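None of the figures in this text is laboratory data; all of them are computed from the coordinates on show. Note that the coordinates shown come from a computational prediction; the quantities given were computed from them, not determined experimentally. All Cβ positions, even for glycine, are placed from backbone atoms using ideal geometry, and neighbour counts span all protein chains on display.
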C-alpha cells in the first residue's frame with residue numbers, strides 16, 4: 001500500500017496535516033503516517049485526526065532536532081517504507097531538511113505550499129505563492145518521494161476518523177553531526193501566534209522610539225488586538241522577536257492596522273490575507289497606501305492619541 | 001580563504017505587472033535585478049576576504065542578461081565571475097539549478113566557504129543551499145545573521161522562528177545568509193569602471209554533466225490581485241479623520257475581536 005509520511009514538531013500542525021493528508025489519500029487507498037516523539041502524550045488521538053500509522057522515534061528531543069538529525073530520521077524511515085510523499089510543516093529547519101531529502105532522492109520539492117492534491121497516477125500537485133504573493137504557481141512533482149512543506153494553520157484539524165492504532169517504534173542512531181550548537185537563545189514570544197490574531201496592529205519604522213510602543217499597546221488593548229511589527233523593527237532594532245511579512249509571519253486578521261509601516265513588497269505579501277487593511281502614515285506616497293482599504297495620511301504621533309481618545313469615549317458611552 | 005558566492009538574477013517583484021487580458025504575471029518581460037539576499041552574501045564574502053585574505057568568485061546560472069549582476073559583483077569586490085549559460089533551454093527548477101552550481105563549484109574548487117542568500121526574492125524556495133550541501137557532501141548552516149571565521153572554523157548565528165542558535169562548523173562549509181547580516185556596499189565609480197574590464201567566464205550548460213529533466217513542472221501561473229478599497233482620508237483635522245476611519249471600520253464590522 002502506498003504511503004504518505006508527515007512530520008511536524010507542533011502537535012496542532014501535525015493534526016492539521018494528517019487531516020488534510022487523510023482526506024486527499026482516503027479515496028485513493030493511500031495510507032497516511034505520522035512521525036512523532038515518544039514523549040508525545042496524545043499519540044492515540046492522532047489516529048482520530050487521520051493517521052493510519054505512527055512511527056515513534058525514541059529519544060527524539062524536539063527542540064534540538066536540527067536539520068541534519070531530522071534528515072537522518074526521515075531518511076531512515078523513507079528507505080524502509082518508500083512513501084510517495086513526505087510532508088513537513090514549513091519551519092526554517094524543516095525547509096532545510098525537505099530540500100536535503102529531495103536532493104538525496106533526486107526528486108522535486110515544493111516549499112510553503114498552500115494546497116496540495118494527489119493525482120490519479122499518484123503524483124503530487126501543489127499550489128504556492130510566488131513573486132511576493134503576486135501570483136500562485138500550480139506545480140506538479142516528478143519523482144518519489146515528492147517533498148512538500150506546508151505553513152502552519154493552512155488546514156483544519158478534523159477529529160473524524162476512527163483508524164485502528166498502529167504504532168511502530170523506530171530507533172535512529174545519529175552519528176556526530178557536522179554542526180555543533182554552542183548556544184541557544186530562546187526568543188521571548190508574546191501572546192498567541194500572529195497567524196491567529198483577529199485584530200493585528202503592526203508598527204513600522206515610522207515609530208521613532210521603543211517607548212512609543214506603549215501608546216500602540218494601549219490602542220491594541222482598546223481594540224482587543226495584538227501588536228507586532230515590520231521586519232526592521234524586529235530584525236534590526238530588536239524591539240520585538242517576530243515580524244509580519246513574507247519572511248516572518250504571514251497573517252490573516254480581519255483587521256490589520258499598519259502604523260508608520262511603509263509597506264515593502266515582502267511586508268505587503270505577508271498581509272494579503274487580511275480582510276481589511278488600514279494604514280496610518282504621513283507619507284501619501286508610501287506603498288502601503290495604495291495597498292490599503294482605508295488610509296489616514298497624517299503624523300502617527302497625532303493620529304494615534306486621537307484614535308485612543310475616540311475609542312475610549314465610545315467605550316465609555318457603551319457602558320452608560 | 002577561497003570563497004564562492006552563488007548569485008541569482010531574479011525577477012524584480014516590486015515591478016512585476018499583470019497582463020490585463022489574462023490576469024497572468026508578465027514574467028518574460030519583467031525587470032530583473034540582483035537578488036537582494038545574494039547581494040548580502042556577496043558583501044559578506046568580500047568582508048571576510050578583506051579581513052583575513054583570500055579570493056571571492058561569483059557564480060550565476062541564468063539568461064544572457066545575468067551578466068549584469070556579475071558586473072555588479074565584480075565592482076563590489078569579487079575577483080572572478082562565472083556565468084553558466086542556459087544554451088539548451090532547460091526549464092530550471094531547484095533540482096537542476098543545484099546540480100549546475102555544484103558542478104561549477106567542483107570544477108573551480110575546492111572552496112573553503114560557499115555563500116548564498118537564504119532564498120530568492122522571486123521564487124522563495126530556500127532549497128539551493130541545502131541541496132548543494134547534499135550534492136557536495138558539505139555541512140550547511142542556514143538562516144545566518146552573523147559569521148565569524150577563525151582558524152579554519154566558522155561560528156555563525158542562526159535566526160530561527162523562536163530562537164537564535166550559535167553554531168560551529170569546520171570549513172569547507174555552506175552558509176545561507178539573512179538580510180540582517182550586513183548592509184551591502186555601493187561600489188564607487190572607479191570600482192565599477194575597473195570591473196567592466198574584468199573578464200567574465202562563460203560556460204555552456206550543455207557542456208556540464210547533469211540530469212536536465214526538471215522534477216517540478218509548472219502547470220499554471222495565476223496573477224493574484226487583491227482588490228482593496230483604497231479610501232484615503234487626508235487634509236482634515238486629525239479628530240475628523242479618526243472619526244471617519246472608525247465609522248468605516250464599524251460599518252465593516254471589524255472592530256473588537
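Tabulated data
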| quantity | calculated |
| --- | --- |
| Neighbour-count ranking [beta-carbon atoms within 10 angstrom, fewest first] of A:284, A:154 | A:284, A:154 |
| Distant alpha-carbon pairs in chain B (separation over 29 angstrom), percent | 41 percent |
| Gaussian network model of chain B, Cα within-10 Å springs - most flexible of B:216, B:13, B:46 | B:216 |
| For region A:5-70, projected area of the alpha-carbon convex hull averaged over all directions, nm² | 4.4 nm² |
| Rounded tilt (10° steps) of A:92-104 against the dominant C-alpha axis of chain A | 40 degrees |
| Sum of -39500 (n - 2.57) over DSSP H runs of 4+, divided by residues of the protein assembly as shown (222 nm, nearest 500) | -8500 deg cm²/dmol |
| Ranked A:139, A:175, criterion: other C-beta atoms within 10 Å, fewest first | A:175, A:139 |
| Ratio of Rg to Rh over the protein assembly as shown (Cα coordinates, Kirkwood Rh, two decimals) | 0.98 |
| Residue-averaged beta-carbon neighbours from other chains (10 angstrom radius) around B:13-22 | 3 |
| Cα centroid of region B:142-190 to Cα centroid of region B:193-257, whole Å | 27 Å |
| Likely footprinting exposure, A:202, A:86, A:278, A:43, fewest C-beta neighbours within 10 Å first | A:43, A:278, A:86, A:202 |
| Chain B, relative contact order in percent, only Cα pairs under 8 angstrom and at least six apart counted | 23 percent |
| Cα centroid separation - region B:95-117 against region A:41-120, whole Å | 27 Å |
| Principal-axis tilt of helix B:67-76 within chain B, Cα atoms, nearest 10 degrees | 80 degrees |
| Taking region A:194-318 and dividing mean pair separation by its residue count, relative contact order in percent (alpha carbons under 8 Å, at least six apart) | 24 percent |
| For region A:180-257: relative contact order, % (alpha-carbon pairs under 8 angstrom, 6 or more apart) | 38 percent |
| Chain A: angle of helix A:11-25 to the longest principal axis, Cα-based, in degrees nearest 10 | 60 degrees |
